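First comes the structure, then the notes that go with it.
The values are calculated or read from the model by the stated rules, or taken from the named source; none is laboratory data. Quantities reported herein were computed from a predicted structural model and do not represent experimental measurements. Here Cβ is always computed from backbone atoms with ideal geometry, including for glycine, and neighbour counts include all displayed protein chains.
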Amino acid sequence: MAAAEPALRPVADGVWVADAPDHTMMGIHLGTRMTVVRLSHGGLFVHSPVALTPNLRAAVDALGPVRHVVCPNLYHHLYAGQWTEAYPAALLHGPAALADKRKDLRFNSVLSSTAHPDWAGDLVPHPIDGCDLKETVFLHPSTKTLISSDLTENFTRCDHWPTKMYLKAAGIWQKPGWSRLLRWVYKDKRAARRSIDALLALDWDRLIVAHGDIFPSGGKDAVRSTFHFLD
C-alpha cells in the first residue's frame with residue numbers, strides 16, 4: 001500500500017496542519033504532524049515540517065510565502081533541510097543544541113521566550129524547561145490554540161499491533177499522556193513544573209500535538225493530567 005501523502009487541512013482561522021501518519025520511529029508507528037500559521041503580514045510560519053512533496057508544496061504556496069521554518073525541539077528536524085532548500089528566503093529557528101546536532105543546517109535564530117519580531121504579534125513562544133527535548137511550544141492567542149510537538153500524545157486508535165502494545169506499555173493508549181518509558185527526559189522536575197504551571201495559566205483551549213489526535217478543546221486538561229508525574 002502506498003504511503004499516505006501529507007495534506008493540509010484547516011483547524012482554526014489562519015492555522016492548518018498536515019498529518020504524516022506513516023512516520024515511524026524504531027518500527028513504532030507514531031505518525032507526525034506539521035502546523036502552518038499565516039502571520040498578520042501574510043507570510044507563513046511552518047512548525048515541525050514534514051516531508052515536502054510536490055502536492056504539499058503547492059498547497060502551502062497557495063496560502064502565502066514561507067517566511068519561517070521552525071524545528072521546535074531536538075527531534076522534529078528531519079525534513080528541515082528540504083524546506084530551507086525549497087524556500088531559501090525563509091528563516092530557520094530551533095533550540096541552541098540543535099545547531100550542534102545538525103551542523104548541515106544554518107540556523108538563523110535560537111528559540112527562546114522572546115518572539116522573533118516578524119511573528120511577535122501573532123505567536124507567543126513558551127520554552128518547556130527542565131527537559132532534554134528542549135521544546136518550545138507556541139500560543140496563537142487569536143484562536144486560543146497551543147502548538148506543540150512532544151508536549152503530550154493522544155492515541156485513540158491504532159491498527160498496528162506492535163505500536164498498540166508499546167502504547168499500552170507506555171500507559172498512553174486511549175488517554176493523553178507522556179510515555180512512562182520516557183519520563184526520564186524530564187531531568188529537572190521543579191523547573192519543568194514551573195514551566196507547565198506557567199503554560200496552564202495562559203489563555204488557550206485547543207491543543208495541536210505531533211503524535212496522535214489534536215485536542216479541538218480541553219487541551220489544558222490533557223496537559224494537566226499528563227504532567228502528574230512532576231508533582
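Which residue, of 43, 31, 64, is touching a residue at least 12 places away in the same chain (Cβ under 8 Å) and under 30 Å from residue 156 (Cβ atoms)?
Answer to the check: 31.
From (1) more than 17 Å from residue 20 (Cα to Cα); (2) out of contact with any strand residue (DSSP E or B) (no Cβ under 7 Å at 6 or more places or on another chain); (3) in contact (Cβ under 8 Å) with a residue 12 or more places away in the chain, pick out the condition that doesn't hold for residue 88.
Of everything listed in (1) more than 17 Å from residue 20 (Cα to Cα); (2) out of contact with any strand residue (DSSP E or B) (no Cβ under 7 Å at 6 or more places or on another chain); (3) in contact (Cβ under 8 Å) with a residue 12 or more places away in the chain, residue 88 misses just condition (3).
Would you mention how many residues in the range 121-172 are of a type outside the set (Phe, Trp, Tyr) and part of a helix (DSSP H, G or I)?
So the count comes out to 11.
Could you check how many residues of the range 43-66 are in a loop (DSSP other than H, G, I, E, B) and under 17 Å from the mean Cα position of the chain (by Cα)? It would help to see each step written out before you state the result.
Of all residues in the range 43-66, those in a loop (DSSP other than H, G, I, E, B) come to 43, 48-53, 64-65.
Filter once more, keeping what is under 17 Å from the mean Cα position of the chain (by Cα): 48-52.
Residues meeting the conditions: 5.
Does the range 2-17 contain at least one residue that is modelled with pLDDT of 90 or more, part of a loop (DSSP other than H, G, I, E, B) and either over 24 Å from residue 164 (Cβ atoms) or not small (Gly, Ala, Ser) (or both)?
Of the range 2-17, the ones modelled with pLDDT of 90 or more are 8-17.
Imposing the further condition that a residue be part of a loop (DSSP other than H, G, I, E, B) reduces the set to 13-14.
Checking which are either over 24 Å from residue 164 (Cβ atoms) or not small (Gly, Ala, Ser) (or both) leaves us with 13-14.
Scanning the range 2-17 turns up at least one residue that is modelled with pLDDT of 90 or more, part of a loop (DSSP other than H, G, I, E, B) and either over 24 Å from residue 164 (Cβ atoms) or not small (Gly, Ala, Ser) (or both).
If we keep just the residues of the range 206-223 that are free of Cβ contacts under 8 Å to residues at least 60 places away in the same chain and over 15 Å from the mean Cα position of the chain (by Cα), which is surrounded by the fewest Cβ atoms within 10 Å (Cβ to Cβ)?
Among them, the one singled out is 217.
Answer yes or no: is there a residue in the range 187-207 that is modelled with pLDDT of 95 or more, touching a helix residue (DSSP H, G or I) at 6+ places or on another chain (Cβ under 7 Å), in a helix (DSSP H, G or I) and of a type in the set (Gly, Ala, Ser).
Yes, that holds for at least one residue.
For the range 67-78, which residues satisfy the criterion of being under 17 Å from the mean Cα position of the chain (by Cα) and either modelled with pLDDT of 95 or more or aliphatic (A, V, I, L, M) (or both)?
68, 69, 70, 71, 72, 73, 74, 78, listed by residue number.
Considering the range 106-130 alone, what residues qualify as being in contact (Cβ under 8 Å) with a residue 24 or more places away in the chain, touching a strand residue (DSSP E or B) at 6+ places or on another chain (Cβ under 9 Å) and over 14 Å from residue 73 (Cα atoms)?
Across the range 106-130, the qualifying residues are 116, 118, 119, 122, 123, 124.
Filter the range 208-231 for residues that are of a type outside the set (Phe, Trp, Tyr) and part of a strand (DSSP E or B) and give the result.
208, 212
Quick check on the range 163-184. Is at least one of its residues in contact with a helix residue (DSSP H, G or I) (Cβ under 6 Å, 6 or more places away or on another chain), under 29 Å from residue 45 (Cβ atoms) and of a type in the set (A, V, I, L, M)?
No, because not a single residue in the range 163-184 is in contact with a helix residue (DSSP H, G or I) (Cβ under 6 Å, 6 or more places away or on another chain), under 29 Å from residue 45 (Cβ atoms) and of a type in the set (A, V, I, L, M).
In the range 87-104, which residues are outside any strand (DSSP E or B) and closer than 23 Å to residue 131 by Cα?
Residues satisfying the conditions are 95, 96, 97, 98, 99, 100, 101, 102, 103.
Quick check: anything in the range 150-161 under 23 Å from residue 87 (Cα atoms), of a type in the set (Val, Ile, Thr), at pLDDT 95 or above and surrounded by 14 or more Cβ atoms within 10 Å (Cβ to Cβ)?
no
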